[in-house]
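These notes are about the structure you will find just below.
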Amino acid sequence: MAEPIETAAVVHRLVPSPALTPLDFGAIRTELDVPGSFPPDVVAAADAVAARGPNAGLAHEDRTDLPLVTIDPPGSRDLDQAVALAPGDGGGWRVHYAIADVAAWVGAGDPIDVEARTRTQTFYAPDRRIPLHPPALGEAAASLLPDGPRPAALWTIDVAADGSTVSVDVRRAMVRSRAQLTYEQVQADLDAGTAAEALQPFPHLGAALLADSRRSNAIELGLPEQEVVAGADGHWTVELRADRPIERWNAQISLLTGRAAASLMLGAGIGLLRTLPTPDPDQFPRLQRAARSLGIDWPDGAHPGAVLASLDVSRPRDAAFADLAAELLRGAAYTAFDGTPPADPGHAGVGAPYAHVTAPLRRLVDRFATEVCLAVAGGTTPPSWAAEALPAVAAVMADGDHLAHQLDRAVVDATEAFVLADRVGETFAAAVVETGERFGTVALTDLAVRGRCDARNLPLGGDIGVRCTVADVASRTVRFERVS
């Protein structure tokens, strides 16, 4: 078997792929009824608005002076965010975060808007991306590409040295991205001390924001994600991917902005939040018992978020505990309100009220939530097209998220079965990540594969040997039995 190739961000599990018919992700999309090509009238509408330019009736302040850059995976074209950081007062920072102003291009009730409400978001599969907006808009005219001024919702957030928010402003502005950068580039420049001045604060600001989130009892599992990629032999395979530091720091900027948006909306009594219920303390004793059995320190009075922040999930026992703690993050919803705010407006994973506003090219809800924030910050009433649509947008986003999760899971399950299809009967080293009276779940040590193990009362977090008994691509099923 090929040796793993380890980098700072990705652990590739390169495996000999079986000589089978290539995986058909298109069939999965058809089965799940994932949206396909755009109707001709939607494409025509996008082409027309891209040629016309943004809505001239919306006033955009000129902020092309800001040294904004985008940071995305290689080859990205739907660039939602551009960032520039600067020192602030008292050892803090000033964050400029420009978000593509989709409402400057898409009118309420036009064909692009109607289609976007049926799609809800961009869907991702290994062989293709199914965008929320036609490419003429989402990957060109509205995208914050470094080829000219673009309309944006410009967030200006002052952050104290301890990571807490000092002040928030958001307004429409014309901005110009100076460069389209990748995470790999920025991480290398930060490590070498050669990053652009507007990016140099990232490590210290990111650390301060992470510390602030931990003080807020944010619950972050920190588990690497399974990702389907093309292997060295051209076949699809699965790898485990962990974030680079710059990806975590950049995500903190997005979370900072989402918290600021939620604060504006709650203060005004109208908005659309991304909510996740506060964990029930009655759940903690079970997790504390699991922590003891796994040898994980849980200090008296510590919140689960603090325990999770102390883990090294590359260790099987720590990963098993993080897997169990996922039960604390159930019940996510989109919660619209007009008048009385929700009784529990918070998001347990963030540790504060939170709203989606930073990815309007890829997520429907962000356009509507941003419009509310722009109005609130400007001291005006949100436009009726946005305010009246909030409950309906919340409902369709819930459906869209469910479909996106189904697609992600089906793609990974099919690929896991594919890479094991000619290895049924082989034995593998594995770590136990879930256990039960009838069966458990194991994660293979040398492949980025998880699956059910038909054995009772497995040792949680323990290292065992398993034999693959089923690897069926058609049913997307993998099964193991314990052998040692």
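For this structure, a couple of remarks:
- Count of the stretch 463-484 residues, restricted to those that are buried (at least 17 other Cβ atoms within 10 Å of the Cβ) and either in a loop (DSSP other than H, G, I, E, B) or touching a His at 6+ places or on another chain (Cβ under 8 Å) (or both), is 2.
- Residue in the stretch 124-140 that is crowded, with 19+ Cβ neighbours inside 10 Å, of a type outside the set (Val, Ile, Thr) and closer than 14 Å to Ala82 by Cα present: no
- Top-ranked residue in the stretch 347-364 [being β-branched (Val, Ile, Thr) and out of contact with any Cys (no Cβ under 7 Å at 6 or more places or on another chain); ranked as nearest to Arg129 (Cα to Cα)]: Thr358
- Of all the listed residues (Asp280, Asp189, Asp212), the sole one being out of contact with any Pro (no Cβ under 8 Å at 6 or more places or on another chain), on the phi < 0 side of the Ramachandran plot, crowded, with 16+ Cβ neighbours inside 10 Å and without any contact (Cβ under 8 Å) to a residue 12 or more places away in the chain is Asp189.
- In the stretch 310-353, the residues that are surrounded by fewer than 18 Cβ atoms within 10 Å (Cβ to Cβ) and of a type in the set (Gly, Ala, Ser): Ser310, Ser314, Ala326, Gly331, Ala332, Ala333, Gly339, Ala343
- Qualifying residue in the stretch 293-304 (condition: within 25 Å of Trp93 (Cβ to Cβ) and assigned to a helix (DSSP H, G or I)): no
- Residue, nearest to Thr275 (Cα to Cα), within the stretch 220-244, restricted to residues that are under 15 Å from the mean Cα position of the chain (by Cα) and not in a strand (DSSP E or B): Glu220
Quick grid of which residues meet (1) surrounded by fewer than 18 Cβ atoms within 10 Å (Cβ to Cβ); (2) modelled with pLDDT of 95 or more; (3) outside any loop (DSSP other than H, G, I, E, B); (4) not aromatic (Phe, Trp, Tyr):
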residue	(1), (2), (3), (4)
Val11	yes, no, yes, yes
Thr21	yes, no, no, yes
Glu31	yes, yes, yes, yes
Val34	no, yes, no, yes
Val43	no, yes, yes, yes
Leu58	yes, yes, no, yes
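- Among the candidates Gly462, Gly436, Gly425, residue that is without any contact (Cβ under 8 Å) to a residue 24 or more places away in the chain, of a type in the set (Gly, Ala, Ser) and more than 30 Å from Leu132 (Cβ to Cβ): Gly436
Conditions (1) in a helix (DSSP H, G or I); (2) of a type outside the set (Val, Ile, Thr); (3) over 17 Å from Leu132 (Cα atoms), marked per residue:
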{"residue": "Asp366", "(1), (2), (3)": "yes, yes, no"}
{"residue": "Glu371", "(1), (2), (3)": "yes, yes, yes"}
{"residue": "Thr380", "(1), (2), (3)": "no, no, yes"}
{"residue": "Trp385", "(1), (2), (3)": "yes, yes, yes"}
{"residue": "Pro391", "(1), (2), (3)": "yes, yes, yes"}
{"residue": "Ala394", "(1), (2), (3)": "yes, yes, no"}
{"residue": "Asp399", "(1), (2), (3)": "yes, yes, no"}
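- Of all residues making up the stretch 62-80, the number that are out of contact with any helix residue (DSSP H, G or I) (no Cβ under 7 Å at 6 or more places or on another chain) and not in a loop (DSSP other than H, G, I, E, B): 4
- Count - residues of the stretch 93-114 that are buried (at least 17 other Cβ atoms within 10 Å of the Cβ), of a type in the set (A, V, I, L, M, F, W, C) and assigned to a helix (DSSP H, G or I): 4
- Within the stretch 268-308, considering residues that are modelled with pLDDT under 95 and hydroxyl-bearing (Ser, Thr, Tyr), the one nearest to Leu364 (Cα to Cα): Thr278
- Leu361 meets all of the listed conditions (1) crowded, with 20+ Cβ neighbours inside 10 Å; (2) outside any loop (DSSP other than H, G, I, E, B); (3) at pLDDT 95 or above; (4) not polar (S, T, N, Q) but one, namely (2).
The values are calculated or read from the model by the stated rules, or taken from the named source; none is laboratory data. Note that the structure is a prediction, hence the values are computed from the model and not measured. Here Cβ is always computed from backbone atoms with ideal geometry, including for glycine, and neighbour counts include all displayed protein chains.
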